[in-house]
1. Checking Pro355 against (1) within 25 Å of the chain's Cα centre (by Cα); (2) of a type outside the set (S, T, N, Q); (3) part of a helix (DSSP H, G or I), which single condition isn't satisfied?
2. Quick one: count up the residues across region 516-570 that are farther than 30 Å from Ala493 by Cα, in contact (Cβ under 8 Å) with a residue 24 or more places away in the chain and of a type in the set (Asp, Glu).
3. Cβ contacts < 6 Å: first residue open to solvent by 20 Å² or more (accessible area, probe 1.4 Å), restricted to region 373-385; second residue at pLDDT 90 or above, any location; separation 6+ or different chain. Result?
4. Can you tell me how many residues within region 485-539 are within 30 Å of Ile96 (Cβ to Cβ) and modelled with pLDDT under 90?
5. For region 398-411, state whether one or more residues are assigned to a helix (DSSP H, G or I), open to solvent by less than 70 Å² (accessible area, probe 1.4 Å), closer than 30 Å to Met458 by Cα and at pLDDT below 90.
6. Do any helices (runs of 4 or more DSSP H) lying entirely in region 287-348 carry at least 1 residues that are in contact with an Asp or Glu (Cβ under 9 Å, 6 or more places away or on another chain) and over 25 Å from Thr141 (Cα atoms), and which ones are they?
7. Any chance region 130-138 includes a residue that's open to solvent by 60 Å² or more (accessible area, probe 1.4 Å), outside any helix (DSSP H, G or I) and of a type outside the set (Asp, Glu)?
Amino acid sequence: MLPQFLINYVHSLSSTLQQLPLPFLFLTLCTNAIVYIIELYLDYRQSKLLKHAKIPERLVDYIDEEEFEDMKNYSILRLSFSRLENTYGFILELFILLSGVLTWLYDYSKKVNFYLFNISGDDYIITYGVTFLFFVSILSTVMRAPFEVYRLLVIDGKFFETKQERKLQQEEEDKNNNSDNNHHLIGNECNTIALENILKRERQSVLARIATMNSEVEDCDNYKQMLLGDEKEELETTNEIQLENHSSEKVNNDETHIPDEHSCDTISISTGTATEENENFGTIVVNWLLDQIKMGFIAVVVGLPLLYLILYLLSIGSPIHWLYVWVGSVALAVGIYELYPILLAPMFNTFYELPEGSLRRSIENLAKQVGIKVSDIVYVDGSKRSEHANAFMIGSNENKKIVLYDNLLSKNGLNLTNDEILAILAHEINHYKQNHSIKVIMIQMITMGIFLFILSFMIYNEHFYSSFGFTFVDPSVGLCLFSYLYQPFSNAAMVISNHIQRSYEYQCDEYSQSLGYDMEEPLIRMHVNNVYNLIVDKHYSRYYNAHPSLLERLENIKNYKEKVKERKRLEKKLKEN
């Protein structure tokens, strides 16, 4: 329990502030306008950078000019569309706050409860509030949905199709090149055999020459078997970690035809390759729709009871009601963190056991090396939603699991080597060792506490409600209105949180490097595979992104390597002295 004098002080301060006739509507509009202008400026910087961008020297070997231009056009298009959406959102916010839509929506909520449930009067103020906030949420979703759908179906869909066409063309070229190489190899071998035959015919008798020619035909057959056998062995090695339902390549060795048993020149070996694309944009859209339905279901089943509880705590009139809500929010966040791998994650993805093999053994050895005990190593079907590839750890205590995206492993994805996957996992393991996820949750909870503390001074302030056109005090209305007023402060908190999380990313990259892994190669391949936001303005990145851009991370790794090299040089010099 809080000391009584502190409770009295908070209550006195709240009563004083509630009498201040501040122009809350004017403050809300001005602060949100400032945020809009700042974001407009950042979008301008990013757009200008993209228009004049060239392929960074470090990425020349990983992306061609045509692909880079597609990336630029796609990024600029998304940025322009986002700017349009933000402008629309700002104008919509002005309309909602100035037109009296919220007051009408609250009255409509009361009518709905009366006609559907035959309830009225002040005894049901919490029910009115829950209905009001539910309608506000529905209205916001409906107004934003067209933009989300257009972005997914049109902008992302067009880029996805372009990328898939390029991938199919590349596969066709690779297939043709492999076929030409096979014929070239066999031709060279046959030429060598023919030369040996000439030398043997000069030294041996006619009978020996006939035997030699028969032998050479057998040698050609043996070579053909060896070549195809090596191909199969290579494919089996590559597919050792190939995932269920994600293998995409079948190799069929067609019948070999030898027209003349005394000649190897005309041997033709055809190795057919059939690639089935598992990245289907229609599937991604369907999964997105299913995710929206699932999240809506969770919001109704879990969110509505919680909203009832929050409004009840805010309406009891206690000077520390905000503290009760904050403690409940912390408990909920901890509960979600613990239950996510058990209940929530399986609702959106399917997890598979990583098969026994060299990769699993390497991961187990890495976990032992860094002192992390994991209960399981699995992979998840992340490719059904996007081409984004990653790895992470979930769970706590005895339920810790290492999770790999199938995009990291599948041949249609990045198909990273074991060392590259281990480099990524070392990065993610350090996140876990340093409790970065818990620290981020703590930052969010602190931000939530500040929000609720300031809200406690507004929730019963009559001037606050009247400035927005309301003639009564209601916690649900206060919560809605305050969310508009608090948005700029929330953005400021987001920038601070991003700065902290970006430092975590740098720290974990350096940790992976310290274990002897090279983070540069997998980082480049992951970002180039996504082909989005490879070029990011530094101020834009710091404002919006919790992760540094690829070039920022590569620069940090370069600086880290130089520091390590300099430290080793100094240590060597000290030993010599």
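The values are calculated or read from the model by the stated rules, or taken from the named source; none is laboratory data. Every value quoted in this text rests on a predicted model; they were computed, and no experiment measured them. Cβ: placed from backbone, ideal geometry, glycine included. Neighbour counts: every protein chain shown. The area values use the complete protein model at the heavy-atom level, side chains included, leaving out ligands, DNA and RNA. Shrake-Rupley method; radii C 1.70, N 1.55, O 1.52, S 1.80 Å.
1. (3)
2. 3
3. From region 373-385, the pairs are Val374/Ala367; Val374/Ile402.
4. Within region 485-539, residues that are within 30 Å of Ile96 (Cβ to Cβ) and modelled with pLDDT under 90 number 0.
5. No, region 398-411 has no match at all.
6. Qualifying helices (runs of 4 or more DSSP H): 304-315.
7. no
Results for (1) modelled with pLDDT of 75 or more; (2) surrounded by 14 or more Cβ atoms within 10 Å (Cβ to Cβ); (3) among the acidic types (Asp, Glu); (4) touching a strand residue (DSSP E or B) at 6+ places or on another chain (Cβ under 7 Å), shown as yes or no for each residue.
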{"residue": "Tyr115", "(1), (2), (3), (4)": "yes, no, no, no"}
{"residue": "Tyr124", "(1), (2), (3), (4)": "yes, yes, no, no"}
{"residue": "Val149", "(1), (2), (3), (4)": "yes, no, no, no"}
{"residue": "Asn177", "(1), (2), (3), (4)": "no, no, no, no"}
{"residue": "Asn181", "(1), (2), (3), (4)": "no, no, no, no"}
{"residue": "Glu202", "(1), (2), (3), (4)": "no, no, yes, no"}
{"residue": "Val206", "(1), (2), (3), (4)": "no, no, no, no"}
{"residue": "Gln225", "(1), (2), (3), (4)": "no, no, no, no"}
